[in-house]
1. As an exercise, identify the trypsin sites (Lys or Arg not before Pro) in the range 62-101 lying in DSSP coil whose Cβ has no more than 16 other Cβ atoms within 10 Å.
2. Taking a temperature of 37 °C and a viscosity of 0.692 mPa s, what whole-number D in µm²/s does Stokes-Einstein yield for the range 18-165 with Rh from Kirkwood over alpha carbon pairs?
3. List the pairs from 152/346; 88/197; 239/290 whose alpha-carbon separation is above 28 Å, in the order I gave them.
4. With the convex hull built on the Cα atoms of the chain, state its orientation-averaged projected area in nm².
5. Counting Lys and Arg as +1 and Asp and Glu as -1, what is the net charge of the other residues whose Cβ lies under 15 Å from the Cβ of residue 33?
6. Taking a cut-off of 21 Å between Cα atoms, list the lysines near residue 87, but don't count ones fewer than 8 places away on the same chain.
7. With the crude spin-label approximation of a point 7 Å out along Cα→Cβ, what separation in nm comes out for residue 359 versus residue 330?
8. I need the peptides 254-264, 274-284 ranked by packing, meaning the mean over residues of other C-beta atoms within 10 angstrom, with the highest value on top.
Amino acid sequence: MTDALTLFDDVLPPETPVENRLLQVRTVYAEPAAAASPRGRQVLARFPGAELVEVPSHWQIPTLHGNEGNVDRWVRVKTETLVLGVKKSLSARPNGRSANWIAPSTANGCAMACAYCYVPRQKGYANPITVFTNIEQITGYLRRHVARQGPKTEPDQCDPESWVYDIGENSDCSVDALVSDNVADLVATFRELPTAKASFATKYVNEHLLDLDPQGRTRVRFSLMPQADATVLDVRTSKVGERIAAVDDFVAAGYEVHLNLSPVVLREGWEADWTALLQQLDDELGDAAKAQAAAEVIMLTHNEGLHQVNLGWHPQAEDLLWRPELQQPKVSQNGQVNVRYRNDVKRAGVDRLQQLIRQHVPWLHVRYAF
């Protein structure tokens, strides 16, 4: 089976750096103010051969948003296109699961193409990376928001001592860091905030992040699933083994490193494959990583609209994701109507995976499972 990193990519020499396979930018759509800003100029300088196309809004690009023809170019759009915009509305949204707050986005969209990702449901057939260039306003807002919270006086499932801010809800910060210094600026901001932590989930190993000196104030959550699932579903991501191998390095570099066991896809043989993955974690992670580790367990949530999109570019994924006989409608926290496993199926799956965790990785604290 084709490796997930190269699935649907042009054939490039094997020595081509991974970031160059992810991003071969030919067109940058930009709001004028974004292109003229220091951060916008930095992004444009990183891709000097790209054509710059001015647009009135990062949301108003007819060739991207709502263009069904882009289904045939799903990955090519992600590879060849960037968008620059200014984040107009700054707010921190309460969360309470993985983080206390969802921070204002510094990017949305992604160069990777995970078949279950919810972000393209909002953007209409294409979701290349959009970089928000007003980073100083965003980090200033976060400093003020953290100051208003004061110290955390009671532990919760997000963290026992610090307010946790998810800085990557709509993107993958490890890939965003290939495009601009927004992630570096966020890590530097939280390094100076003793009552708060940044947090983001990732499926991509970006070794440049090891140089950012987070001093324990940024939590990286490596998303993991059996490689048999990732080969089909985690398109253009780092292999699961590479993510596991990076954990000790990120801990040594000063990050808090947690694990996202997600999405858990129920299919024939899933228990054996998850057992093997948990045993791999126990065998390969060092004592320091195990001592600070915690996990989230998230069962698959899917969406009928995304199902239809996937049928146009990657129908093989839908053999795993679209299981009407096991699924039921679900209204998500953001109001979208999705599908998830039926209550009884989901409950049994969560219980069984937690059993496997207790058996094979008893050191891994599960912060929440749903």
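The numbers here are math on the coordinates, done by the rules we state, and not lab data. Since this is a predicted model, take the numbers as computed values, not measurements. Positions of Cβ are generated from backbone atoms using ideal geometry, with glycine treated the same way; all protein chains shown enter the neighbour counts.
1. Here the trypsin sites (Lys or Arg not before Pro) that fit, given the DSSP loop and packing criteria, are 88, 97.
2. On the way: Rh = 16.8 Å.
Approximately 195 µm²/s, per Stokes-Einstein.
3. Listed pairs above 28 Å: 152/346.
4. So the Cα hull casts an average projection of 17.5 nm².
5. Here the charged neighbours net out to +1.
6. Here the lysines satisfying the reach criterion relative to residue 87 are 78, 123.
7. So the two model labels end up 2.4 nm from each other.
8. Values: 254-264: 21.5, 274-284: 16.8.
Highest to lowest by the protection proxy: 254-264, 274-284.
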